[in-house]
Amino acid sequence: MYILYPEVAGQLGTKTTLDRNVHPPIVSKLHYQFDGWLGDYLLECFPCFICTEKLMEYLKSSDLTGFADCEISKSEQFTDLYPDRILPVFYWLVVNGDANNDFSLSPNASLLVSENALNSLKKFQTTNCEIENYFN
């Protein structure tokens, strides 16, 4: 297993619905607001992960499930930094698996992936994603 620390390109937007009475918080509706973006296909904002439509389609073709729609917006900072940048479509990667699955969460809600999943992710831009071996 590997633990991933994807690029953080933004924050939870104001339209996110979450229950903060538990840890990690449970998100029922995700609004991801971009403050910047270095181009990675997999992003995070605790406690959620999002991926581009292109990556989602690839993962779905490998029989992986757990994707949901999410709202995407750009902050004022983003539009100041990148006035002409068009963001691709992103989907929420909803991780519900356990350690026997290709995608799961560590006790502190970090993303865990199998070697198979990591090899799939490496076919896409993940330059800003830190990857470490995970030992339980």
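Here are a few things to note about the model shown:
- Boolean, Ala109 is at positive phi and in contact (Cβ under 8 Å) with a residue 12 or more places away in the chain: yes
- Residue within segment 100-123 that is surrounded by 13 or more Cβ atoms within 10 Å (Cβ to Cβ), farther than 20 Å from Met1 by Cα and either touching a strand residue (DSSP E or B) at 6+ places or on another chain (Cβ under 8 Å) or of a type in the set (Lys, Arg) (or both) present: no
Conditions (1) among the charged types (D, E, K, R); (2) without any contact (Cβ under 8 Å) to a residue 40 or more places away in the chain, marked per residue:
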| position | (1), (2) |
| --- | --- |
| Val8 | no, yes |
| Thr16 | no, yes |
| Asp19 | yes, yes |
| Pro25 | no, yes |
| His31 | no, no |
| Ser61 | no, yes |
| Gly66 | no, yes |
| Glu71 | yes, no |
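- The one condition from (1) surrounded by 11 or more Cβ atoms within 10 Å (Cβ to Cβ); (2) touching a residue at least 40 places away in the same chain (Cβ under 8 Å) that Pro88 does not meet is (2).
- Residue satisfying all of: in segment 26-59; among the charged types (D, E, K, R) and surrounded by fewer than 18 Cβ atoms within 10 Å (Cβ to Cβ); nearest to the chain's Cα centre (by Cα) among these: Glu53
- Criterion violated by Asn133 - all others in (1) surrounded by fewer than 14 Cβ atoms within 10 Å (Cβ to Cβ); (2) touching a residue at least 40 places away in the same chain (Cβ under 8 Å); (3) within 16 Å of the chain's Cα centre (by Cα) satisfied: (3)
Values quoted throughout were computed directly from the atomic coordinates according to the rules given, and no laboratory measurement underlies them. Every value quoted in this text rests on a predicted model; they were computed, and no experiment measured them. With ideal geometry, Cβ positions are generated from the backbone for all residues, glycine too; neighbour counts draw on all protein chains shown.
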